[in-house]
Amino acid sequence: MAKKSFIPDLGEKIIIPDTSAILTGRIEILSMNCIVPLGVIGEIKHGRMNRVMSHNLNVIKTASPKEEYMALVREASRKTGDLPYLSQTDMEIIAVAKEYFGVVISDDYSLQNVCSEMGIEYHGCGIEAIKESIKWGYLCRGCGAKYESRMESCTICGHRITRYPLRESESRKS
Ligand SMILES: [Zn+2]
């Protein structure tokens, strides 16, 4: 059964999904218009989309970022203050999107923020959809407080909150 697409019709535009977008199962990763950065492939090899990915690695279009684009991402994220909140993979996603004039699919605030700074189009992938596939924890980078729900800033110290995938042992209700 085809799952309903929840991202807007992007026509012929190249889409660059982040890990959580792919984990929703609603990104057409085998499409000619989809490029999956190698860092994202690496993260998913350890997740539940593993089988889908590994069976289709010869079909999926991948890219690794050129250093000149990574430098642009570092520069922009330093400017916006998002640098400490971006993982290596996050930066790869933005760099690949810049190089290929792609549209980033991600719900991550910092990632979206840097895209905005760099003039890169982005779309959220629907936090409700993500919840079906992956459990996230929310962590304050200032004081280390953990939260169960998404929020803009830490209620204790005011630092920004970043999201991290919970391990199976943390997220399972058994
Ligand atoms: Zn805090």
Residue match in the range 126-140 (condition: within 16 Å of the ligand (Cβ to nearest atom), closer than 21 Å to A76 by Cβ and at pLDDT below 90): no
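Residue-wise test of (1) in contact (Cβ under 8 Å) with a residue 12 or more places away in the chain; (2) part of a loop (DSSP other than H, G, I, E, B); (3) touching a Gly at 6+ places or on another chain (Cβ under 9 Å).
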| site | (1), (2), (3) |
| --- | --- |
| T89 | yes, no, yes |
| I93 | yes, no, yes |
| E99 | yes, no, no |
| D107 | yes, yes, yes |
| Q112 | yes, no, yes |
Matching entry among I120, I161, I105, I156 (being among the hydrophobic types (A, V, I, L, M, F, W, C) and closer than 16 Å to I22 by Cα): I105
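The values are calculated or read from the model by the stated rules, or taken from the named source; none is laboratory data. Being a predicted model, the structure only gives us computed values, none of them experimental. Quick reminder, even Gly has a Cβ in these numbers, built from the backbone with ideal geometry, and neighbours come from all protein chains shown.
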